[in-house]
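Written out below as structure tokens is the structure these notes cover.
Laboratory data are not the source of any read-out in this text; all were calculated from the coordinates shown. This one's a predicted model, so the numbers in the text were calculated from it and none came from an experiment. Using ideal geometry, Cβ is built from the backbone for each residue, glycine included, and neighbour counts are taken over all protein chains shown.
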Amino acid sequence: MNVLIGGSTGLVGRKLTEALIRSGHKVTGLSRADFSGPEAALIQKLGKVEVVINLSGAPIVARWTEAHKKEIIDSRILTTRKLVNAMASSAVRPRLFISASAVGIYAEGEVFTEENAKIGNNFLADVCKLWEGEARKSPADTDVAIFRLGVVLAREGGALQKMLLPFRLGLGGPVAGGKQGFSWIHIDDLVQAFLFVIEKNLSGVFNLTSPEITDNASFTKALGKAVKRPAIFPVPAFALKLVFGEGASALTSGQKVLPYRLQKEGFVFQFPKLKEALEDIVRKK
């Protein structure tokens, strides 16, 4: 099978590319130049591609200047729009388009599934709504799967990689009180979920999170135990606001989300529990 990936050089893109190739698929990555160039070139890239995946997106955890907020939006919405337009203009259309999104689309406080959801009312939720809206404009003969990703836990990159050193030094602790939801997924389960949906040709909305509900304080405690260090140094909300401004909300807020659709379709998590997931990542060489 031929697969085209936007955002193939990021953490998830790299791991997914490796797994697809191991499974016998041919993978082509899209660069920023592909998205900034003429549509004809992007259409040519589509060729005989059967599955298109878009993982493109600028980092969320940063100071949200007006320029960076625009980059957060454009890097998601414009890349998705260009792919959808190219697919619509292609003589041979892919059978499946997987578009990334995030659990940040949900409101805080309650536990949500794909079928029992309340959409948030903030910048990140608005970005996700626009992002998913563009994906849904895909041609009628291309199925669309929207993946709402939680925090991806991996040693090779992402949020956890940045946390490991301070936690190993005994400097870790809960963020802004720690009561906010923390929906996460082990990188290996995330990659297998992509393969699962592709091979079963599924469509619709999927929460890419583990089936274990937790919050920031519980995550902090589990990570401290995994690295065998105390995690007693809290990070107050005001300190994050000094560093990130409005962008601090990406750290001080969080959602509690369950992967109902994946489990309903028969997907089995290798790491359904946070303790085992963190221990696996921490002990990997």
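Hey, what does the equivalent ellipsoid look like for segment 135-245, semi-axes from the Cα gyration tensor as sqrt of 5 times each eigenvalue, largest first, whole Å?
Semi-axes, largest first: 33, 16, 12 Å.
For segment 9-82, what is the largest minus smallest coordinate of the Cα atoms on each principal axis, given in angstrom and ordered from greatest to least?
43, 29, 15 Å, listed from the longest principal axis down.
Over 10 Å intervals from 0, what percent of Cα-Cα pairs in segment 45-95 sits in each interval?
Result, from short to long distances: 24, 40, 22, 13, 1 percent.
Quickly work out the residue 159-to-residue 225 label distance, labels modelled 7 Å from Cα along the C-beta direction, and quote it in nm with one decimal.
2.0 nm
Can you give the extra length, in nm with one decimal, that the chain gains between residue 239 and residue 95 once fully stretched, where that is 0.36 nm per residue apart less the Cα-Cα distance?
Going from the current span to full extension adds 47.1 nm.
Shape verdict for segment 220-276, please, from the Cα gyration tensor: rounded (a/c under 1.5), prolate (a/b greater than b/c) or oblate.
Cα axes put segment 220-276 in the oblate bin.
Using only alpha carbon pairs under 8 Å that are at least six residues apart, calculate the relative contact order of segment 128-285 and give it in whole percent.
31 percent
Give the relative contact order (percent, whole number) for the chain; include only Cα pairs under 8 Å separated by 6+ residues.
Over the chain, the number comes to 20 percent.
May I ask you to work out the translational diffusion coefficient for segment 4-147 at 25 °C, viscosity 0.890 mPa s, via Stokes-Einstein with Rh from the Kirkwood sum over Cα pairs, reported in whole µm²/s?
Calculated translational D: 154 µm²/s.
How much FRET efficiency would the formula 1/(1 + (r/R0)^6) give for residue 88 and residue 31, where r is the Cβ-Cβ distance and R0 is 22 Å, rounded to 0.05?
Between residue 88 and residue 31 the formula returns 0.50.
Gain in length, residue 66 to residue 213, computed as 0.36 nm per residue apart minus the alpha-carbon separation, to one decimal in nm?
49.6 nm
With bins 5 Å wide starting at 0, give me the P(r) of segment 109-160 over every alpha carbon pair, in whole percents.
Spelled out per bin, shortest first, that is 4, 14, 17, 23, 18, 16, 7, 2.
Cα-Cα pairs above 13 Å in segment 32-74: how many percent?
Here the tail beyond 13 Å accounts for 65 percent of pairs.
Extension gain residue 130-residue 18, at 0.36 nm per residue separation less the Cα-Cα distance, in nm?
Extra length from residue 130 to residue 18 when fully extended: 37.3 nm.
Identify all lysines with a Cα-Cα distance to residue 275 below 16 Å; exclude those on the same chain that are fewer than 8 residues away in sequence.
Partners found: 221, 225, 228, 284.
What Rg and what Dmax come out for the chain when only alpha-carbon atoms are used, in angstroms?
18.7, 59
Anything over 29 Å Cα to Cα? Flag those among 15/48; 48/256; 129/200, in the order listed.
Going by Cα-Cα distance, 48/256 fall outside the 29 Å limit.
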